[in-house]
Amino acid sequence: MNILFVGDIFGSAGRRIVREHIGHVRRANEVDLVVINAENAAGGFGVTPQIAEELFDLGADVLTTGNHVWDKRELIDYMKSAGAESQERPRRVLRPANLQPGLPGHGVFEGTTESGIAYAVVDLQGCVFMNTTNDPFHAADTVLAGIKAKVIVVDFHAEATSEKVAMGWYLDGRVTAVLGTHTHIPTADERVLPGGTAYQTDVGMSGPYDSIIGVEKELVLHKFLTGMPGKFEAAKGNPKMCASLVECDPETGRASHIHRIMLGE
């Protein structure tokens, strides 16, 4: 079984480069499951229902998010439009599972591929340097206890490298893949851990790399140099699609290979 995980789509440039490449990547690698982190897809801040629909049309099976999940308020009603047991598109947009109880949406989705393989996708958010109050490690234990599928993909949306590495080791042998998002820079540490879990600290941003993690360079430099606040805008130059391709055994969920992808114009 082949799983394609596309890193944080940032703005219109990110959507465009993913639109350009995702089709041929899926075909060339006979991809069974596509997961996309979409939390920066709308101008770098949040995702709208319309953009979510566009990404589903491109072949996404599940969309994950992170700390910008609530930036576009219309997403809340979109999430609420599908029940907990639904397989419809709004139910397949996730928010971190370890947010405060009672918030809209869900942090895990269980589905079946077109070929009949059961899978689950889990969305977690880190605590270190993040405004997350609930421990992602114990949240992972709780979520995994209720999952029946063997193939389990975890998007760990976190700032600190140490916390991401710790989560990889904590879940080794219990999930198919732990793939980091949020910091927008692809890391070269992809590997399969001893227990059969594919791991990468950060898949990287699918967006403009002539930028400062997706934002126009001058705007961020102005803030660093002066300390003055300003409105950040998504850059557009030199877009690249960053993704990870994970191969696993659908019967056991154990990963056998992980391959890092970066494709430009």
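If every alpha-carbon in the chain counts as one equal scatterer, what log10 I(q)/I(0) does Debye give at q = 0.14, 0.15 1/Å?
With one equal scatterer per Cα and no solvent, log10 I(q)/I(0) is -0.89, -1.04.
How much length, in nm to one decimal, is gained on full extension between residue 169 and residue 76, taken as 0.36 nm per residue of separation minus their Cα-Cα distance?
Roughly 30.2 nm would be gained on extension.
For the chain, modelled as a GNM with alpha-carbon contacts under 10 angstrom, which of 106, 68, 222 fluctuates the most?
Evaluated over the chain, the most mobile residue of the options is 222.
Take the alpha-carbon centre of segment 1-65, take the same for segment 111-172, and report the distance between them in whole Å.
Cα centroid to Cα centroid, the span is 19 Å.
Given the chain, what count of lysine pairs have C-alpha atoms under 16 Å apart, with each pair 8 or more places apart or on different chains?
4
Loop-only trypsin sites (Lys or Arg not before Pro) in segment 179-265, please: DSSP not H, G, I, E or B, and at most 12 other Cβ atoms within 10 Å.
Within segment 179-265, the qualifying trypsin sites (Lys or Arg not before Pro) (loop, at most 12 other Cβ atoms within 10 Å) are 231.
With each label point set 7 Å from Cα along the Cα-Cβ vector, what nm distance links residue 232 and residue 265?
2.3
Counting other C-beta atoms within 10 Å, which of 128, 69 has the fewest, and how do the rest follow?
128, 69
Counting only C-alpha contacts under 8 Å and six or more residues apart, can you give the relative contact order of the chain as a whole percent? Display every interim value, and only then the final one.
On the way: 676 pairs, mean separation 52.7, N = 265.
About 20 percent, as a whole number.
With the contact rule set at Cα under 8 Å and sequence spacing of 6 or more, what percent relative contact order holds for segment 1-73?
Worked out over segment 1-73, it gives 35 percent.
With +1 on each Lys and Arg Cβ and -1 on each Asp and Glu Cβ, how big is the dipole of segment 2-263 about its Cα centre, in debye rounded to the nearest 20?
Here the size comes out at about 300 debye.
At 0.36 nm per residue, and after removing the present C-alpha to C-alpha distance, how many nm does the segment from residue 135 to residue 251 gain when stretched out fully?
Numbers: separation 116, 0.36 × 116 = 41.76 nm, distance 3.01 nm.
Net length gain for the segment: 38.7 nm.
Roughly speaking, what is the stretch gain from residue 191 to residue 224, that is 0.36 nm per residue apart minus the C-alpha to C-alpha distance, in nm to one decimal?
Full extension of this stretch gives 8.4 nm more.
Could you check what % of the DSSP bridge pairs in segment 2-263 are antiparallel, to the nearest 5?
Just about 50 percent of them are antiparallel.
Pick out, in residue order, every one of the GluC sites (Glu not before Pro) in segment 107-192 that is DSSP loop and has at most 11 other C-beta atoms within 10 Å; say none if there are none.
Values: sites: 110, 114, 159, 163, 190; in loops: 114, 159, 190.
Here the sparse-neighbourhood loop sites are 114.
Where a number appears in this text, it was derived from the coordinates with a stated rule and is not lab data. Just so it is clear, the structure is predicted and the values come from calculations on it, not from any experiment. Here Cβ is always computed from backbone atoms with ideal geometry, including for glycine, and neighbour counts include all displayed protein chains.
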